[in-house]
């Protein structure tokens, strides 16, 4: 477990989001579902006794650790009050569980997923898919998902993609070959840094809406022969992030987004790109495109009237934007109901942590940390006049 623990003081329960077992992308030495990896484990704080558990990924081959502390929310589903725990994931799924019993609030289905062609590997036959909420970001990659702003860009993207294995989510990693007809791994979407990450989300207690920052990163999940020291038949390879034509992303936008989910109904309320993204790229600047988003996770703060979002800094993300450059460094106020931008300002650097708000002498402040290469870390404090 490398993320944070949540706790319900009234119940006396703690909720542990566990990581993936070794090795990240080869599991021939650990056949089976690999409990309690990639699970939410509820324990009694006083004794450590396990109360319940739920596994979000069986036999993980994609480095899909549970990266976010479970978000504890009180919601009302079909008129019934529910004490819930929401586990956000890199695979862009929100697993909403009753935090007392561990039972899914809405059905979670075991669906068939692709098998592995790697010798010695036995991927899980099924994976758990929530029926609600639906995925909050892109799942898997096909030729139709490749960038297509112009026919030329799409043709270049297809040429790049033909060197990799494409498929739906949970397509297993593949062996990287050196021959002219060999592939260089599987293009995993969302990638290990995609979907939701450790910065979590913002929950509005008054409306029951959860605001999730997410990105659509992709990289090559490739396998190479193991070494005597590893005692494994295969190891993860370079796991390089794959840029698209002319340094643009390989996929269609949005590349980063904010998604509003009503946890009382399980329905998505709205989705907006989180930034302008590469629309000023020489290949795109004459196309007059709408905001495209950038693959950095926003830091969110919800208040009774507004949703605030600070752009994450590209150097603080494991997946820097494939189109290069510093990316947007905006601090924005959104309309909570629609996702419309109501106000924005430039930050001196991207946000590197979460925000806090407080009042002093009748004035309300917001403080956030920023920093990047060439800009020393500092706090930015804001208030109304």
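The values are calculated or read from the model by the stated rules, or taken from the named source; none is laboratory data. Note that the structure is a prediction, hence the values are computed from the model and not measured. Neighbour counts run over all protein chains shown; Cβ positions are idealised from the backbone, glycine included.
A few comments on the model shown:
- Qualifying positions in the range 122-149 - under 21 Å from residue 217 (Cα atoms) and without any contact (Cβ under 8 Å) to a residue 60 or more places away in the chain: 129, 135, 139, 140, 142, 143, 144
- All of 348, 278 fail the test of being in a loop (DSSP other than H, G, I, E, B) and surrounded by fewer than 16 Cβ atoms within 10 Å (Cβ to Cβ), apart from 348.
- For the range 42-66, the set of residues classified as within 11 Å of residue 13 (Cβ to Cβ) and buried (at least 22 other Cβ atoms within 10 Å of the Cβ) consists of 42 only.
Per-residue answers, yes or no, for (1) modelled with pLDDT of 95 or more; (2) outside any strand (DSSP E or B); (3) in contact with a helix residue (DSSP H, G or I) (Cβ under 6 Å, 6 or more places away or on another chain); (4) within 29 Å of residue 255 (Cβ to Cβ):
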| site | (1), (2), (3), (4) |
| --- | --- |
| 43 | yes, no, no, no |
| 47 | yes, yes, no, no |
| 53 | yes, no, no, no |
| 60 | yes, yes, no, yes |
| 69 | yes, yes, no, yes |
| 73 | yes, no, no, yes |
| 82 | yes, no, no, no |
| 95 | yes, no, no, yes |
| 100 | yes, yes, no, no |
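- Residue match in the range 28-37 (condition: buried (at least 19 other Cβ atoms within 10 Å of the Cβ), within 26 Å of residue 83 (Cβ to Cβ) and at pLDDT 95 or above): yes
- Considering residues of the range 67-82 that are touching a residue at least 12 places away in the same chain (Cβ under 8 Å) and surrounded by fewer than 16 Cβ atoms within 10 Å (Cβ to Cβ) only, the residue nearest to residue 202 (Cα to Cα): 74
- Scanning the range 289-297 finds one or more residues that are surrounded by fewer than 17 Cβ atoms within 10 Å (Cβ to Cβ) and either assigned to a helix (DSSP H, G or I) or in contact (Cβ under 8 Å) with a residue 12 or more places away in the chain (or both).
- Test: residue in the range 354-365 that is closer than 17 Å to residue 274 by Cβ, in a strand (DSSP E or B) and modelled with pLDDT of 90 or more: no
- Residue in the range 217-235 that is closer than 30 Å to residue 104 by Cα and either part of a loop (DSSP other than H, G, I, E, B) or modelled with pLDDT of 95 or more (or both) present: yes
- Residue in the range 303-315 that is over 27 Å from residue 250 (Cα atoms) and buried (at least 19 other Cβ atoms within 10 Å of the Cβ) present: yes
- Selection over the range 177-192 of residues that are crowded, with 22+ Cβ neighbours inside 10 Å and either assigned to a helix (DSSP H, G or I) or in contact with a strand residue (DSSP E or B) (Cβ under 6 Å, 6 or more places away or on another chain) (or both) gives a count of 6.
- Sole residue being at pLDDT below 95 and over 26 Å from residue 266 (Cβ atoms), chosen from 194, 167, 177: 177
- Residue that is farthest from residue 76 (Cα to Cα) [pool: residues in the range 254-264 that are touching a residue at least 60 places away in the same chain (Cβ under 8 Å) and assigned to a loop (DSSP other than H, G, I, E, B)]: 255
- Considering residues of the range 193-220 that are on the phi > 0 side of the Ramachandran plot and surrounded by 19 or more Cβ atoms within 10 Å (Cβ to Cβ) only, the residue farthest from the chain's Cα centre (by Cα): 200
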